Ligand SMILES: [Zn+2]
């Protein structure tokens, strides 16, 4: 395998958590965010051919993985409601996956936050019939030119047909297919407008990108994210979940309350270690040299963000 092939696999891992487990992505994940051109471009290119898998969870809720963030699907006689829509270039595979669940029409799409790997499906899903629901700042970011420094990428504004039209400030409730759909904004965490979606009858909670199951998370300081906000969101998720709650993370395999607790402990422990070192006056490179993430790298460092990159993200917020 040459380096280009290794890189291709590494990039593909970002959009396919299932592939992550089998494709040997531990080869080069650390380089993903440091590349020029932006990883956003290579991730979108890889999504064109990504496999999209369907997993039935509970009640009439399925999850699709393979195109950007995890996509939750509530289906039934009222039609389909999606939480996140993946990357638009995966349209054919996402559509085939949706049709494999049922022929019910697509009625609603909830954007959990504004990031491209959750919203670049907005346009085709709206054309297919979806009314798009989002927190008002999510719409604002999508409607403007927005730069994410740590992705080295500037996003153009969405066209009007891809923008959310049903907006809320703190929460929004729908009744759909006999299920309640409770959408609720977090305080600033991964961005400034992450929103969870809870299905109380099925007891399933989609937690947006406040939780990456088994991976260090990205934190988007460019649009209001912070390490302390991520820790606070993890606490909110733990308090909301019962032992039986199925957790749909933004990225990674389906989880449960125990996974949330472990993720929170990882975030809080690394935060405190980095804070002590920074307070001693150490530079970012000196802190990285002390390897404050070492105890967690085997478990969380095998995806897009390795221990060094995560240390930078934490240091930046303290
Ligand atoms: Zn995100």
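The values are calculated or read from the model by the stated rules, or taken from the named source; none is laboratory data. Bear in mind the structure is a predicted one, so any value in this text is a computation, not a measurement. Every residue, glycine as well, gets a Cβ built from its backbone with ideal geometry; the counts of neighbours run over all protein chains shown.
I'd like the residue in region 232-252 that is buried (at least 19 other Cβ atoms within 10 Å of the Cβ) and over 18 Å from residue 200 (Cβ atoms) and, out of all such residues, is nearest to the ligand (Cβ to nearest atom).
250
Among the residues that make up region 197-206, is at least one of them within 15 Å of the ligand (Cβ to nearest atom) and more than 15 Å from residue 73 (Cα to Cα)?
Among the residues of region 197-206, not one is within 15 Å of the ligand (Cβ to nearest atom) and more than 15 Å from residue 73 (Cα to Cα), which makes the answer no.
What is the one condition in (1) closer than 22 Å to residue 171 by Cβ; (2) buried (at least 24 other Cβ atoms within 10 Å of the Cβ); (3) within 16 Å of the ligand (Cβ to nearest atom) that residue 224 does not satisfy?
If we test residue 224 against (1) closer than 22 Å to residue 171 by Cβ; (2) buried (at least 24 other Cβ atoms within 10 Å of the Cβ); (3) within 16 Å of the ligand (Cβ to nearest atom), just (2) comes out false.
May I ask you to list the residues in region 237-248 that are in contact with a helix residue (DSSP H, G or I) (Cβ under 8 Å, 6 or more places away or on another chain) and within 19 Å of residue 194 (Cβ to Cβ)?
Initial filter on region 237-248 (in contact with a helix residue (DSSP H, G or I) (Cβ under 8 Å, 6 or more places away or on another chain)): 237-238, 241-243, 245, 247.
Scanning region 237-248 gives 237, 238, 241, 245, 247.
For residue 243, are the conditions met, namely being free of Cβ contacts under 8 Å to residues at least 24 places away in the same chain and under 19 Å from the mean Cα position of the chain (by Cα)?
Details: free of Cβ contacts under 8 Å to residues at least 24 places away in the same chain: yes; under 19 Å from the mean Cα position of the chain (by Cα): no.
Taking the combined requirement at face value, the residue does not satisfy it.
Return yes when residue 66 is away from the ligand (no atom under 16 Å from the Cβ), under 19 Å from residue 303 (Cβ atoms) and within 19 Å of the chain's Cα centre (by Cα) and no when it is not. Give the derivation first.
Numbers: away from the ligand (no atom under 16 Å from the Cβ): yes; under 19 Å from residue 303 (Cβ atoms): yes; within 19 Å of the chain's Cα centre (by Cα): yes.
Criteria met by residue 66.
What residue, among those in region 260-273 that are closer than 28 Å to residue 62 by Cα and either surrounded by 19 or more Cβ atoms within 10 Å (Cβ to Cβ) or without any contact (Cβ under 8 Å) to a residue 12 or more places away in the chain (or both), is farthest from the ligand (Cβ to nearest atom)? Walk me through it before giving the result.
Keep residues of region 260-273 that are closer than 28 Å to residue 62 by Cα, which gives 260-264.
Now narrow it down to the ones that are either surrounded by 19 or more Cβ atoms within 10 Å (Cβ to Cβ) or without any contact (Cβ under 8 Å) to a residue 12 or more places away in the chain (or both): 260, 262-264.
Values: 260: 17, 262: 20, 263: 15, 264: 18 Å.
By that ranking, first place goes to 262.
Just checking, how many residues over region 251-274 are closer than 24 Å to residue 294 by Cα and in a loop (DSSP other than H, G, I, E, B)?
2
What residue, among those in region 104-119 that are touching a residue at least 60 places away in the same chain (Cβ under 8 Å) and within 10 Å of the ligand (Cβ to nearest atom), is nearest to residue 61 (Cα to Cα)?
112
Just to check your reading of the model, which residue among 77, 29 is over 24 Å from residue 111 (Cβ atoms) and at pLDDT 95 or above? Working first, answer last.
Working: 29 fails: at pLDDT 95 or above.
Just a single option satisfies the conditions, and that option is 77.
State all residues of region 179-196 that are surrounded by fewer than 21 Cβ atoms within 10 Å (Cβ to Cβ) and either at pLDDT below 95 or within 15 Å of the ligand (Cβ to nearest atom) (or both); if no residue qualifies, say none.
Scanning region 179-196 gives a single hit, 188.
Considering only region 87-106, I want to know if a residue exists there that is at pLDDT 95 or above and part of a strand (DSSP E or B).
yes
Do we find a residue being assigned to a loop (DSSP other than H, G, I, E, B), modelled with pLDDT of 95 or more, closer than 25 Å to residue 126 by Cβ and over 17 Å from the mean Cα position of the chain (by Cα) anywhere in region 44-51?
Pass one, region 44-51, residues assigned to a loop (DSSP other than H, G, I, E, B): 48-51.
If we keep only those that are modelled with pLDDT of 95 or more too, we end up with 51.
Okay, now just the ones that are also closer than 25 Å to residue 126 by Cβ, so 51.
If we keep only those that are over 17 Å from the mean Cα position of the chain (by Cα) as well, we get 51.
Yes, because at least one residue in region 44-51 is assigned to a loop (DSSP other than H, G, I, E, B), modelled with pLDDT of 95 or more, closer than 25 Å to residue 126 by Cβ and over 17 Å from the mean Cα position of the chain (by Cα).
Taking the residues in region 76-90 that are surrounded by fewer than 22 Cβ atoms within 10 Å (Cβ to Cβ) and over 18 Å from the mean Cα position of the chain (by Cα) as candidates, determine which candidate is nearest to the ligand (Cβ to nearest atom).
79
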